[in-house]
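The values are calculated or read from the model by the stated rules, or taken from the named source; none is laboratory data. All figures in this text were calculated on a predicted structure; none of them were measured in a lab. Methodologically, a virtual Cβ is constructed for each residue, glycine included, from the backbone with ideal geometry; neighbour enumeration extends over all protein chains shown. Ligands, DNA and RNA are excluded from the accessible area calculation, which covers all protein heavy atoms including side chains. Shrake-Rupley method; radii C 1.70, N 1.55, O 1.52, S 1.80 Å.
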Amino acid sequence: MSDSTFLKVMIIVAVVVSLIICAVIMKAFHSGRSSMPKYDERQQLIRGRGYMIAFYSIIIVMCLIPVIMTQEMIHFLGDILFFIPLILGIMIHVMYCIWNNAYIELNLKIKNWVIFMLCISVFNLALGAISIKNGNMVEDNVLQVQALNLIVGGLGLVILVELLIKMAVDRKGADEDEESEA
């Protein structure tokens, strides 16, 4: 078997194993028989609006990049430049959904999800720190793809912090409602 055929087979095996792992993880996060997320109609409408806002945000950022960035910045960012609009779009969608109570699924086991997100975020930040320590983050004055580990890890932590803040705000609002009724 040639090296390229072996590589293709290994990629297919990795994709299949990854899909199986994702299915198991999805089942661990959801209560009931279905491993699919369930949202009510209000949440679906808000999520749709969030997708629309994120989509147009991505387009705006993609249009602004050539206008506001210098050639040196574009060269330094390299391949990471293509991920900036996507990461911003994801962040905008998630933040919009969290603040409008449409991010958490009806059948989600929130504790399992928070622990998993925290582990993924810390793991990505650790990989980024290792790349910085080994001097692999920037080569030939170009930011390498390993920077995505830091970006994804930071995004995960931002999502978790925002979710905890939103939960605290909701809890405080519920406590104030109970006090006003009494």
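Here are the numbers for the structure shown:
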| item | result |
| --- | --- |
| Selection count, the range 112-143, where residues are among the aliphatic types (A, V, I, L, M) and open to solvent by less than 70 Å² (accessible area, probe 1.4 Å) | 11 |
| Given (1) out of contact with any helix residue (DSSP H, G or I) (no Cβ under 6 Å at 6 or more places or on another chain); (2) at pLDDT 90 or above; (3) open to solvent by less than 60 Å² (accessible area, probe 1.4 Å), index of the condition residue 58 fails | (1) |
| Out of 147, 126, sole residue that is in contact (Cβ under 8 Å) with a residue 60 or more places away in the chain and under 17 Å from the mean Cα position of the chain (by Cα) | 147 |
| Residues located in the range 156-165, provided they are within 18 Å of residue 89 (Cβ to Cβ) and surrounded by 18 or more Cβ atoms within 10 Å (Cβ to Cβ) | 156, 159 |
| Residues (small (Gly, Ala, Ser), in a helix (DSSP H, G or I) and under 25 Å from residue 107 (Cα atoms)) located in the range 1-33 | 18, 23, 28 |
| Scope the range 77-103; condition aromatic (Phe, Trp, Tyr) and open to solvent by less than 60 Å² (accessible area, probe 1.4 Å); matching residues | 96, 103 |
